[in-house]
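Structure, as structure tokens:
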Amino acid sequence: MARVMAPEEFRETGPVAAARGLLGKVLVRTLRGRRTERVITEVEAYDGERDLACHASKGRTKRTEVMYRPGGVWYVYLCYGVHEMLNLVTGPADCPAAVLIRGVAGIAGPGRLTKALAIDRSLNAAAAHPDSGLHVEDHGVVVPRRRVRATPRIGVDYAGPVWAAKKWRFTFDPAKLPESKQRVRRVARGFSPRPGTQNAG
């Protein structure tokens with residue numbers, strides 16, 4: 001059975017554990033009555049003011065204010081003036097950390113992801129809840145640890161040798177998961193239900 005993950009669930013773990021835990025979960029975008037589901041396949045963790053690759057390393061600013069909120073809200077920002085980037089804030093209030101959603105089944109790259117799913121800064125600070133039009137569900141897809149690839153984060157050389165080397169980018173290939181229920185397989189490939197249909201589990 002599919003289960004909507006409540007925003008409060010993302011306040012209980014740090015960004016690295018949260019990032020690993022998001023692999024295999026389903027990002028659900030609902031817009032104008034159309035529901036699109038995509039399994040999360042690539043993420044990066046950013047761990048607060050101490051992490052020199054994290055926006056919060058510059059302290060509390062107008063842009064990073066959302067990261068200081070309790071976890072379970074979206075942090076969406078514009079990168080290079082072109083690409084919207086989707087992040088999920090994690091952890092308790094005043095501990096600025098987030099997970100960048102870099103890829104989902106059928107879509108590689110954070111900029112392509114947000115463009116394909118019509119995600120923009122209007123969702124910044126919105127709750128990861130169906131009411132906002134963007135939330136996360138658990139469809140029972142279990143990603144074995146041996147299937148997860150951990151690498152340094154992409155494009156963070158400016159953070160210096162220590163933080164740039166952190167293996168906090170996590171990916172997996174849904175095609176290599178053991179086959180189970182037909183619905184799980186279809187969602188893992190990026191299946192989207194017809195407009196107006198509901199998740200049958």
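The values are calculated or read from the model by the stated rules, or taken from the named source; none is laboratory data. Fair warning: this is a prediction, and the values are worked out from it, not measured in the lab. Cβ sites come from the backbone with ideal geometry, for glycine too, and all protein chains shown count toward neighbours.
Out of GLY160, GLY111, GLY103, GLY155, one residue alone is in contact with a His (Cβ under 7 Å, 6 or more places away or on another chain), at pLDDT 90 or above and either of a type in the set (Lys, Arg) or closer than 22 Å to MET67 by Cβ (or both). It is GLY111. Applying the criterion of being of a type in the set (A, V, I, L, M, F, W, C) and surrounded by fewer than 23 Cβ atoms within 10 Å (Cβ to Cβ) to the residues of segment 29-52, the residue that is nearest to VAL136 (Cα to Cα) is LEU31.
The residue list THR171, THR197 contains one member that is at pLDDT below 95, surrounded by fewer than 21 Cβ atoms within 10 Å (Cβ to Cβ), of a type in the set (Val, Ile, Thr) and closer than 16 Å to ARG38 by Cβ, which is THR197. I'm checking my understanding of the structure. Among residues of segment 145-161 that are loosely packed, with under 11 Cβ neighbours inside 10 Å and farther than 19 Å from ALA98 by Cα, which one is farthest from the chain's Cα centre (by Cα)? My answer is PRO161.
A single member of TYR68, TYR46 is aromatic (Phe, Trp, Tyr) and either under 21 Å from GLY106 (Cβ atoms) or free of Cβ contacts under 8 Å to residues at least 60 places away in the same chain (or both), and it is TYR68.
Every condition in (1) among the small types (Gly, Ala, Ser); (2) buried (at least 23 other Cβ atoms within 10 Å of the Cβ); (3) farther than 16 Å from GLY71 by Cα holds for GLY59 except the one numbered (2).
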